[in-house]
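Before we start, here is the structure in question, set down as structure tokens.
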Amino acid sequence: MSLKTQLQLHPTSVLLWRRLLEESPTDENYQLAYYRTQYDVTNNYEMWGLYYKHCRNKIHDAASLDQLWLQQLRIPSLDYESLLSDYSRFVSDHFGEKYTDKMKEILQIKKKVTQILEKIEPWELQRQDRSPEYWIGYLKALHGSKVLDRVTKNRLIQCTVERSLSIQVFVPVIQTYLSFNLEVDELAFWERVVQIEPSNVEAWIQYIHDCFPDQFQRARSQFNSYTDLSLTPVFCEILRMELRMLKENPAMAQPLLMEDTYNYFSRALKAGDIFHTAAKLCIEVQEEMGDIDRITNDFLLPFLEAFDSQTDVWLYAIDFEKRHGNLRHVTDLFKKAMDLAERLDWPERLAAEWKRFELLKGTDESQEFCTEVCGLALSRIKEKKRRLSELEVGQKLELSQNKRRAHEDTAETKPRKPKPETRDREHLTILVANLPPSIDETALTDIFSSCGKIRSVSLFDGKATIEFTDEQGLLSAMKKNGKIIEDSPIEVVHLQNNTLWVANYPPEKTVEDLKKIFGQYGEVLAVRLPSLKSNVQRRFCYVEYSSEHDAASAMKVLDGHTIQGKTGDYKLTVKISNPDARQDRKGALEEGRQVYVSDLDFYKVDEDKLSEEFSKYGDIELIRIPVKRDGMSKKLNNGFAFVSFKSSSDAVKSLELDGKLLAGRPMKVELATPKKKKVSVIGTGKFDKARTISVLNVDDKISTENLKTTFEEIGPVTQIEWQPANNAALVEFENVRSSGMADFKFNGRKIGDTTVRIGTFQDFLKLKRNKI
């Protein structure tokens, strides 16, 4: 995309205008750049500097330059004090004898601009670029302000909207802007918006919806030039508009409908819409225009072929045939579907629907045929499930036997797995600063790879962190301090004690929330969350600063600091992350020194009996026998106990007691393993399928609370089941409408570090079964 095209999409971008002026520094371009960016209160000071410098080289008359200054001083800017200081020097240089009088004249201008800035600065100080509510509030505050004249108000509003568009297209923000009736060509504005963000479904729908009939063709052609499969909801809006036109001008609308239904149907089959809304609408639009045989061949059969495992799709095709009275085709479809019963997601429902159909429309012979086909199909499924169940039992038995044999191996004879390579970010990372803007991670890797093996490179705004695998690589990299890269001497610093370990923050806090909290005390390079695959209850993170001083300052203030969460107050734990300071011993369970003893006699086995048996194999550190002491029960144990040895090898030796009689019962002895929770549930866990969606390919570092907050953008969430190990979650909404919107709103959207897919309740169960 050319620079001029980019400027047409973002006409107030200081960055783009600066690049254009470097390429083409004409008077016209300087004038346009200055005018378009005048009311960008965050950046207009920079552009004024470039424009004034250009004018000063062309205009040598101090009075004319003074007029330019007076014009600029009437425009609000967050750098207004700097602007006044610059003007003061200008007056001193050119109007020395009139300095006092001219500066007095400027006081009235300053007073008015200061009143405007008092309204603007609070919004600028609490900037939330990714929040549409922030931009809407800002726009409404400008529109309702009494201190702004009409021209200043309109220009500020326009520039504020353009700033929001440079970050992300928020349709509610645009709707708020257009509601002010500022003599904006709304259709042209929407046309530009969809060019800025062609994948924005809401923007396309609003653009199509607002078109007049004579403008519709242009919008439709523009949309059809894009092939993004995430845009399927827009198909429905275009077809709706064309159906409306069909009643008023059939000759014009019918060819459009014919072309678009074929085009959109083909694209909808590839898009993976779980509800098939667009595909079904294409079929129903074709029905409005007739020719049932063509619809069957061109639409229904490809639909069935693409989704032949989905019962709902078969029933949709069957209903189509019912509507057109072809009962023989209905029976044929039922038969074809039941022949695929092993592949269907809900064969029992299909069988029930066929039997109901035959009871209403069939004969004795057809009912008998239906019963026979369905009976055989369901029997095949039942037999398949039985074989799978037997296979599963066999696999579990084999696993148990393998585990038993493994326990019989001694610590000396059992081959040890090589220890996984450990990371040491805290000691083997450098910070590279003063980098040129053009450098990327690949170039940076090439520069430092000669020093040693690099584990990771992370590039920030003019800075980068590079983690090495060993100390030699780090020491070698330090020698590159002062190296010239593209005329810029880089700074290389060994990052030490710059990373904080943070725990016990409110569970709903996101990475961005944490960056905002810790960013108050210095430059935060990154916030790293742990994977929740092994335990969904993990809630800690690492906050990496660009300096040791900032990390220490943050720890001093925030360690023990209370933060308010949705469910109460949380007292932060904040420490400098240091692997060397971690305890060598974590406990008997984690070190393999604890055995789990079960199948004990409730009334005969106590600590003495267990000690007598297990002390033969080594020194015992602790015996723990869980039992409920209520004064009524005479139980000595609840059927199980934990025995902790001082040595892991002694614990392994004690596994010989597995199966040995104790108080007349064979006990079961195995190494104790940590029970880490791998599923997190909000609610009862009993989901209503109609109101429930599955979310697939979810980032395993996202917490349940974050998921809830994210999906409540479209409606209240009543339940969630989150399985990080499967990267999948179930989300139940308060109403069916919200669950229907979820596919359009979230399918293909990036949440955390991954792009999620929206599926059905059945998709979640299939994934779960496949993982098992």
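Every number here is computed from the coordinates shown, using simple stated rules; none is lab data. Keep in mind that this is a model prediction, so the values were computed, not measured. Methodologically, a virtual Cβ is constructed for each residue, glycine included, from the backbone with ideal geometry; neighbour enumeration extends over all protein chains shown.
What is the gain in length, in nm to one decimal, between Val736 and Ala141 on full extension, counting 0.36 nm per residue of separation less the C-alpha to C-alpha distance? List each step's numbers first, then the result.
On the way: separation 595, 0.36 × 595 = 214.20 nm, distance 3.59 nm.
Roughly 210.6 nm would be gained on extension.
Ranking request for peptides 610-623, 245-258: highest mean number of other beta-carbon atoms within 10 Å first, then the rest in descending order.
Order by mean packing, descending: 610-623, 245-258.
Under a plain spin-label model, where a point goes 7 Å from the Cα along Cα-to-Cβ, how far apart in nm are Ala690 and Asp129?
Result for the modelled spin labels: 4.4 nm.
Given Lys280/Lys384; Lys104/Lys153; Lys515/Lys566, which pairs have Cα atoms separated by over 24 Å? Working shown, then result.
On the way: Lys280/Lys384 33 Å; Lys104/Lys153 26 Å; Lys515/Lys566 19 Å.
As for pairs spanning more than 24 Å Cα to Cα, those are Lys280/Lys384; Lys104/Lys153.
Sticking with this structure for a sec: By how many nm would the segment from Leu340 to Lys660 grow when fully extended, if each residue of separation counts as 0.36 nm and the alpha-carbon distance is taken off? Mind showing how you got there, number by number?
Numbers: separation 320, 0.36 × 320 = 115.20 nm, distance 5.21 nm.
Value of the extension gain: 110.0 nm.
Over the C-alpha atoms of segment 1-111, what are the Rg and the largest Cα-to-Cα span, Dmax, in Å?
Calculated on Cα positions, Rg and Dmax stand at 15.2, 53 Å.
Provide the packing ranking of 287-295, 506-514, 486-494, i.e. peptides ordered by the mean count of other C-beta atoms within 10 Å per residue, highest first. Numbers along the way, then the final one.
Values: 287-295: 12.8, 506-514: 16.7, 486-494: 14.3.
The most tightly packed comes first, giving 506-514, 486-494, 287-295.
Please work out the Cα center distance from segment 719-761 to segment 161-232, rounded to the nearest Å.
Result: 26 Å between the Cα centres.
Taking a quarter of the surface of the Cα convex hull of segment 429-490, what do you get in nm²?
Values: hull surface 14.0 nm².
One quarter of the hull surface, i.e. the mean projection, equals 3.5 nm².
Let me ask you something else. Could you give the alpha-carbon Rg of the chain over 2.2 N^0.38 Å, rounded to two decimals? Please list the in-between numbers first.
Values: Rg = 35.2 Å, N = 772, 2.2 N^0.38 = 27.5 Å.
Against the empirical 2.2 N^0.38 Å value, I get 1.28 for the chain.
What FRET efficiency would be calculated for the residue pair Phe460, Ala63, taking the C-beta separation as r and a Förster radius of 45 Å, to the nearest 0.05? Could you put the intermediate results ahead of the total?
Working: r = 47 Å, r/R0 = 1.05.
So the FRET efficiency works out to roughly 0.45.
Could you check the simple spin-label distance between Lys678 and Leu622, using points 7 Å along Cα→Cβ, in nm with one decimal?
Here the modelled spin labels are 2.6 nm apart.
Next question. Give the separation of the Cα centroids, segment 463-485 to segment 114-130, in Å.
41
Pop a pseudo-label 7 angstrom from the Cα along the beta-carbon direction at both Glu471 and Glu670 and give the gap in nm to one decimal.
4.3
OK, next. Would you calculate the volume per residue, in Å³, of the smallest convex hull containing every Cα atom of segment 633-772? It would help to have the intermediate numbers written out before the result.
Details: hull volume 26.8 nm³, N = 140.
Spelled out: Cα convex hull of segment 633-772, divided by residues, is 191 Å³.
A 23 angstrom limit on the alpha carbon distance is what I want to check against. Which of Lys509/Lys678; Lys140/Lys708; Lys335/Lys766; Lys556/Lys701 exceed it? Provide the component values of the computation, followed by the final result.
On the way: Lys509/Lys678 20 Å; Lys140/Lys708 29 Å; Lys335/Lys766 25 Å; Lys556/Lys701 27 Å.
Check vs 23 Å cut-off fails for Lys140/Lys708; Lys335/Lys766; Lys556/Lys701.
Please compute, over every Cα-Cα pair in segment 594-671, the percentage with a separation greater than 14 angstrom.
In whole percent, the long-distance tail amounts to 57.
If you count, for each residue, the other Cβ atoms within 10 Å and average over each peptide, how do 86-92, 495-501 line up from highest to lowest?
Values: 86-92: 15.6, 495-501: 21.0.
The densest-packed peptide leads the list: 495-501, 86-92.
How large is the dipole of the chain about the Cα centre if only Lys and Arg carry +1 and Asp and Glu carry -1, each at its Cβ, rounded to the nearest 20 debye? Please report the intermediate quantities before stating the final value.
Working: 112 positive and 118 negative charges, 478 e Å.
Roughly 2300 debye for the chain.
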